[in-house]
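S.K.: The structure follows.
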Amino acid sequence: MAAHHQFFSDQSQLYASARPTYPEELFDFLRVQCEDLDACWDCATGSGQAALALAEIFEHVEATDVCAGPLEHAPQHPRVSYSVQPAERTNFASRSFDLVTIAQALHWFDLERFWLEVDRVLKPGGVLAVWGYAWPHIAESMDAVLQEKLRDVIEPFWAPQNKALWDGYRDVEFPFTRIATPQFQLVPQWNLPQLLAYLGTWSATRQCLEAQGEDFFEHFAAALELEWGDPTRVRAVTMDFCMHVARKES
């Protein structure tokens with residue numbers, strides 16, 4: 001198992017509880033784009049966050065992940081089936097799905113092989129939707145603390161694949177015909193412990209903790225609290241967010 005896969009598996013419970021939820025408008029948009037609402041594949045589902053929302057739209061959702069760990073914390077739903085399968089090779093029948101979704105994971109895939117698999121399992125006229133989020137923004141003073149006390153410290157521990165996500169997947173060559181997509185906003189309302197829990201799920205944060213110990217994160221948290229004020233105060237945290245949608249030709 002690849003190192004980044006093992007990391008997310010080990011931290012799956014924390015990952016499931018500390019991640020922001022996707023905006024309802026995103027799923028409303030996808031509903032309108034799909035000609036039929038029979039079946040959806042949520043690839044690299046993780047803890048099943050997107051799968052649960054998709055189950056309110058589609059008759060059936062196949063939610064897969066390369067690791068079993070995250071699936072143990074995924075919410076159960078009568079219209080969602082979870083399975084451990086690699087993104088690039090599944091046991092699904094050809095032309096099975098009206099929609100294929102990938103949230104916060106495309107940068108880990110072997111894209112040449114994955115696009116072939118998507119083309120195989122997607123129905124003619126079906127839709128591919130990819131989205132992800134990166135850096136949080138709160139206020140200038142707090143953003144400066146995030147940069148100096150956290151991002152600069154953990155930068156050597158990021159996997160090179162993360163850059164594609166930070167760049168909003170703008171250099172990825174997507175298959176099929178692109179669909180004009182609104183600019184969705186991801187703005188969770190968090191108190192300070194919730195934000196720190198989320199930042200603690202970053203793979204680079206965890207690897208830095210393992211390499212250097214907890215002092216750096218404790219110093220960062222203390223500096224951020226000085227700017228935040230009352231830790232129970234809820235603030236808007238704006239995430240860098242991107243989404244790309246394309247339709248397979250009929």
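The values are calculated or read from the model by the stated rules, or taken from the named source; none is laboratory data. Keep in mind the model is a prediction, meaning the values are calculated, not measured. Cβ sites come from the backbone with ideal geometry, for glycine too, and all protein chains shown count toward neighbours.
S.K.: Here are the criteria: (1) surrounded by 15 or more Cβ atoms within 10 Å (Cβ to Cβ); (2) of a type in the set (Ser, Thr, Tyr); (3) touching a residue at least 60 places away in the same chain (Cβ under 8 Å); (4) part of a helix (DSSP H, G or I). Tell me which single one Tyr169 does not satisfy.
M.R.: (4) is the only condition that Tyr169 fails.
S.K.: Would you point out the residue of the range 87-103, among those that are β-branched (Val, Ile, Thr) and surrounded by 21 or more Cβ atoms within 10 Å (Cβ to Cβ), that is nearest to the chain's Cα centre (by Cα)? Please lay out each step first, then the result.
M.R.: Looking only at the range 87-103, we keep the residues that are β-branched (Val, Ile, Thr), and these are 90, 100-102.
Add one more test, that the residue is surrounded by 21 or more Cβ atoms within 10 Å (Cβ to Cβ), and what stays is 100-102.
Values: Val100: 14, Thr101: 11, Ile102: 8 Å.
Here the answer is Ile102.
S.K.: Which residues, taken from the range 172-188, are under 16 Å from the mean Cα position of the chain (by Cα) and in a loop (DSSP other than H, G, I, E, B)? Steps first, please.
M.R.: First pass over the range 172-188, keeping only residues under 16 Å from the mean Cα position of the chain (by Cα): 184-188.
Across the range 172-188, the qualifying residues are Phe184, Gln185, Val187, Pro188.
S.K.: Does Val61 qualify as being outside any loop (DSSP other than H, G, I, E, B), surrounded by fewer than 24 Cβ atoms within 10 Å (Cβ to Cβ) and of a type outside the set (Gly, Ala, Ser)?
M.R.: Values: outside any loop (DSSP other than H, G, I, E, B): yes; surrounded by fewer than 24 Cβ atoms within 10 Å (Cβ to Cβ): no; of a type outside the set (Gly, Ala, Ser): yes.
Taking the combined requirement at face value, the residue does not satisfy it.
S.K.: Given Phe97, Phe109, Phe114, which one is more than 17 Å from Trp131 (Cα to Cα) and modelled with pLDDT of 95 or more?
M.R.: Values: Phe109 fails: more than 17 Å from Trp131 (Cα to Cα); Phe114 fails: more than 17 Å from Trp131 (Cα to Cα).
It is Phe97.
S.K.: Output the residues belonging to the range 68-86 that are crowded, with 16+ Cβ neighbours inside 10 Å and closer than 21 Å to Thr21 by Cβ.
M.R.: Answer for the range 68-86, where residues must be crowded, with 16+ Cβ neighbours inside 10 Å and closer than 21 Å to Thr21 by Cβ: Gly69, Pro70, Leu71, Ala74, His77, Arg79, Val80, Tyr82.
S.K.: In the range 120-153, how many residues are in contact with a strand residue (DSSP E or B) (Cβ under 9 Å, 6 or more places away or on another chain), assigned to a strand (DSSP E or B) and not charged (D, E, K, R)?
M.R.: Looking only at that region, the number is 14.
S.K.: Related question: Select from the range 199-229 the residues that are among the acidic types (Asp, Glu) and free of Cβ contacts under 8 Å to residues at least 12 places away in the same chain and list them in ascending order.
M.R.: So in the range 199-229, the residues among the acidic types (Asp, Glu) come out as 210, 214-215, 218, 225, 227.
Answer for the range 199-229, where residues must be among the acidic types (Asp, Glu) and free of Cβ contacts under 8 Å to residues at least 12 places away in the same chain: Glu210, Glu214, Asp215, Glu218.
S.K.: Which count do you get for residues in the range 35-70 that are within 23 Å of Leu111 (Cα to Cα) and either over 14 Å from the mean Cα position of the chain (by Cα) or in contact (Cβ under 8 Å) with a residue 60 or more places away in the chain (or both)?
M.R.: 12
S.K.: For Val32, work out the one condition from (1) part of a loop (DSSP other than H, G, I, E, B); (2) among the hydrophobic types (A, V, I, L, M, F, W, C); (3) at pLDDT 95 or above; (4) over 17 Å from the mean Cα position of the chain (by Cα) it doesn't fulfil.
M.R.: (1)
S.K.: Okay, moving on. Give the residue that is farthest from Ser81 (Cα to Cα), with candidates limited to residues of the range 35-48 that are part of a loop (DSSP other than H, G, I, E, B) and touching a helix residue (DSSP H, G or I) at 6+ places or on another chain (Cβ under 9 Å). Explain how you work it out, then say what you get.
M.R.: Initial filter on the range 35-48 (part of a loop (DSSP other than H, G, I, E, B)): 35-38, 44-48.
This time we only want the ones that are touching a helix residue (DSSP H, G or I) at 6+ places or on another chain (Cβ under 9 Å), so: 37, 44-48.
On the way: Leu37: 16, Ala44: 13, Thr45: 11, Gly46: 13, Ser47: 13, Gly48: 10 Å.
For the range 35-48, the residue satisfying everything is Leu37.
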